[in-house]
Every structure is written in structure tokens, then in C-alpha cells.
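Have a look at the structure below before the remarks.
The values are calculated or read from the model by the stated rules, or taken from the named source; none is laboratory data. Only a predicted model underlies this, so the values are computations on that prediction, with no experimental measurement involved. Using ideal geometry, Cβ is built from the backbone for each residue, glycine included, and neighbour counts are taken over all protein chains shown.
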């Protein structure tokens, strides 16, 4: 995935394409078509698709946020424009994310609020937005993939996909975000795999803080995720054809030391949460031995060049892991 969080300037798609081509990667994923052309200029979008084809690369993109929307009509118009722009760059599928707000204890059973809306009411609004896009998706033979964003559990993502229709709605799997909701990514991938059509792969380091656990993002293989299990599940059970690397700097806490947090997270399973706690113990132990970074070591932004280098590190690790799983060499990797 190529954008400012990964060390690439929005509006300069050529830079991302050259980076991918030079490293033997197979394509690029842009956050939205505006990362290619801020004003969604169709000629620029088509030119990027043509340049990618000349380099033997694919292009994928997202279409932005599904809400909750303060203005339903404006949200729908923006998403429709994004879908048309995605088509101009040659995409038949694209991901979208959500921005719900979860505040334990804010309503009955600890549901969250967005203004005065509970978390479930926010999800209903998002579902309505998705359903409004279904005629366009089905009419054009397109697929919308809902990202496992940090505000949604895998169970909520799965319910939205099944409610809207898996024929045109799937999952865009961001494994690192699953820990924010107290889920073990290896187990969550098993729940979601049949619907996973796009991926966002990066590792996590976990540390104990006053409220519970803090997630820091790391290159694949440099954290505590069970990549052999995750990749095996994707290879065997998912229709996804590409493994996309997404290295960025987002920081989130999982407030497991606050009893009210669990009221808003009824999906949390003890065994999965224990896996995350064990991951934090592992990271803390490595840091004390000098075998891994401490939370303080990861506080500073390493800069654009270092973020790009982390993509290289992730690609090399995934190639090795895929080779070990499949029993043969892996000459190239998707990104």
C-alpha cells in the first residue's frame, strides 16, 4: 500500500509504481483514487493504469469512509464518485473503512456513541450506506470489501458482509487492527477467510500500559503475530489473490484493565485475549534482554525512507514464510 503513511506522497503515483517495480513486487494499492489524482481527473487515473500495465503491475484502491455519515446523500455521492474513479484506474474491487466511535458505558450494555447514536445504530447507518451502493455494484459487476478497521470486530464485519450480500461485498483484511478489539488475528482470519478478497499485512508489537495493551505496528516477522497460521488460512480458505503490505504508524490501546471496556466488546474470548497478553509479555521480555525494541524505542517516526525499508523487510519475510508453507521457492510477492 503506497501513500503518505508508507513514505509516498499523495498525487505522485509514478513514485510508488517505480518503487514496486524496482523491488520485484507485483502491484500497488492506493488509499483512494485521490492519492493518484486529488481532483479525480479521469485522464490522470487512466494514465496511471497504463503506466502500471507497462511495468507489469496491477493497481488497486480504496474508496474512503462508509461513515457513520452526517449527510447521507453527500456521503453516497462521494462514494459513487470514488467508485467511478476506481473504475477509471482499472479496479473491479476496492476497499472501504468505517469510523464508528466506541465509548464503554455510554449507553445500555456499554454501546458506544457517535453524537447520540449507539454503536449499533452507527452500524445500521453504515449498512444502509452499503445497501444503497448495491445496485451500482451488482449492475457493474464490482465488489466492495469492508476493511477490518480498528473500530470494528471481526464479528461485526462478518455480519455486515452477510447482511449486504457476499456476492458483491467482501472483507479487506487488516490483521493488525484486529488486536485493538481484543481479537487474536490468527483466529479472526479463520472466521473471515471465506470472504477475504483484499489484504493489508503488517505485524504488531504489544506492550503493557496503564489502561491495558498498546499496539505498535512493525514489519511482518518483527512482531508477535502467527504468520504461518495466518498465511496458511489465507492460502487454503480465502479467495484473495494478493498479499498487500501496509506499513504505517497508527497507535491504539486495548483498554483491558478497564472493566467497562468489556461491556462494549461482548465478542472477546478469553483464549484470544490471553494470546495478546502473552504477546505483550514476549515483547516486554525481548526488550529487557535487548533482543527487541521497547515501547519508547518505537515512539519516534523513523521517516519516509525507513517506512519504505520496512515494506522491503515485510516482503522478504513473507516470501520466506510462503516458501516454507508451500515447500517451494517464492520468486515474487504481491504488494
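Is it the case that residue 7 is more than 24 Å from residue 151 (Cβ to Cβ), crowded, with 16+ Cβ neighbours inside 10 Å, at pLDDT 95 or above and under 23 Å from the mean Cα position of the chain (by Cα)?
no
Starting from the range 50-71, keep only residues that are free of Cβ contacts under 8 Å to residues at least 12 places away in the same chain, then list their pairs with residues that are surrounded by fewer than 16 Cβ atoms within 10 Å (Cβ to Cβ) and part of a loop (DSSP other than H, G, I, E, B) whose Cβ atoms are within a distance under 9 Å, requiring at least 6 positions of separation or different chains.
Partner pairs satisfying both residue conditions: 70/115.
Restricting to the range 237-272, give me the number of residues that are outside any loop (DSSP other than H, G, I, E, B) and either within 24 Å of residue 5 (Cα to Cα) or under 20 Å from the mean Cα position of the chain (by Cα) (or both).
Total satisfying the criteria: 6.
Within the range 115-127, can you find the residues that are under 22 Å from the mean Cα position of the chain (by Cα) and either surrounded by fewer than 18 Cβ atoms within 10 Å (Cβ to Cβ) or at pLDDT below 90 (or both)?
Those that are under 22 Å from the mean Cα position of the chain (by Cα) and either surrounded by fewer than 18 Cβ atoms within 10 Å (Cβ to Cβ) or at pLDDT below 90 (or both): 120, 124, 127.
For the range 241-252, does any single residue satisfy the condition of being under 22 Å from residue 8 (Cα atoms), surrounded by fewer than 16 Cβ atoms within 10 Å (Cβ to Cβ) and modelled with pLDDT of 90 or more?
yes
Residue pairs, Cβ under 7 Å, 6 or more apart or interchain, first in the range 306-320 and under 14 Å from residue 20 (Cα atoms), second surrounded by fewer than 17 Cβ atoms within 10 Å (Cβ to Cβ) and at pLDDT 90 or above. List them.
Once the first residue is under 14 Å from residue 20 (Cα atoms) and sits in the range 306-320, its partners that are surrounded by fewer than 17 Cβ atoms within 10 Å (Cβ to Cβ) and at pLDDT 90 or above give 312/23; 315/23.
With the condition kept exactly as written, say whether any residue in the range 297-304 is surrounded by fewer than 17 Cβ atoms within 10 Å (Cβ to Cβ) and under 30 Å from residue 197 (Cα atoms).
Yes: one or more hits.
Can you tell me which residue among 318, 311, 276, 322 is part of a helix (DSSP H, G or I), surrounded by 15 or more Cβ atoms within 10 Å (Cβ to Cβ) and modelled with pLDDT under 95?
Exactly one of 318, 311, 276, 322 is part of a helix (DSSP H, G or I), surrounded by 15 or more Cβ atoms within 10 Å (Cβ to Cβ) and modelled with pLDDT under 95, namely 311.
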